[in-house]
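Asker: What follows is a single structure, and I will ask about it in a moment.
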Amino acid sequence: MKRLGALLMAALALPVVAFADSKAVHGRWLVAGGNAVVEVRDCGDGTPCGYLDWVDMRQASSDRDINNPDPELKGRPLIGMPMLWGFREKGSSWGRGRIYDPEEGKTYGSNLKRLDDGNLRVKGCIGPLCKTQIWTPAQANAQPGQGGQ
């Protein structure tokens, strides 16, 4: 009977573990175009924040944030720049966050969700119109903090 109780408790714990893993968005992610890596880590309050960690300079127009409309931010280095912030827990994902696109110099509403296959679904939205990208775990060929090849 004790063994049956232990098995039942273990079986009940599995969905909780799976649910927790679906929110695990931390790590280094190769963006959909393959030209940048974003490192997602804890903001310090339990929510995810993402920072640009690597850019393929063969595809980038600059190593600086040249399209930012804010004069105080324009020209800052891309590497280390905040890309994701302000998320709130939303079921098995993170919602109501913000994502900055340095190619456009614009900030959008964003949602993040870790998929069962280990990839990260990233949505950027303006009102009801959203664009979704699938980011994959970064491989060794994307060098952190080096600014590209």
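Laboratory data are not the source of any read-out in this text; all were calculated from the coordinates shown. Every value quoted in this text rests on a predicted model; they were computed, and no experiment measured them. Don't worry about glycine lacking a Cβ; one is built from the backbone with ideal geometry, like all the others, and counts go over all protein chains shown.
Asker: Using a cut-off of 12 Å between beta-carbons, work out the net charge of the residues near G34 (Lys and Arg +1, Asp and Glu -1, G34 not included). Can you show the working numbers first?
Answerer: Values: positive: R58; negative: D56.
Around G34, the surrounding residues sum to 0.
Asker: Which of the lysines could a cross-linker bridge to K106, judged by Cα under 16 Å and excluding same-chain residues fewer than eight apart?
Answerer: K74, K123, K131
Asker: Calculate, in nm to one decimal, what K106 and D42 gain on full extension: separation in residues at 0.36 nm each, minus their alpha carbon distance. Could the numbers behind the result be given before it?
Answerer: On the way: separation 64, 0.36 × 64 = 23.04 nm, distance 2.30 nm.
Answer, rounded to one decimal: 20.7 nm.
Asker: Could you check the simple spin-label distance between R121 and Q139, using points 7 Å along Cα→Cβ, in nm with one decimal?
Answerer: Between R121 and Q139, the label points sit 2.5 nm apart.
Asker: Beyond 15 Å, what percent of the Cα pairs of region 46-146 remain? Provide the component values of the computation, followed by the final result.
Answerer: Working: 3328 of 5050 pairs.
That tail contains 66 percent of the Cα-Cα pairs.
Asker: Further question: What residues qualify as long-range amide H neighbours of D56, i.e. H under 5 Å apart, gap of 5 or more or another chain, H built at 1.01 Å from N?
Answerer: Correct list: A36.
Asker: Explain nothing, just compute: Karplus ³J(HN,Hα) = 6.51 cos²θ - 1.76 cosθ + 1.60, θ = phi - 60°, for every residue of region 112-126 in order, whole Hz, x for Gly and Pro.
Answerer: With coefficients 6.51, -1.76 and 1.60, one gets 10, 8, 7, 8, 4, 7, x, 7, 10, 8, 10, 10, x, 9, 10 Hz.
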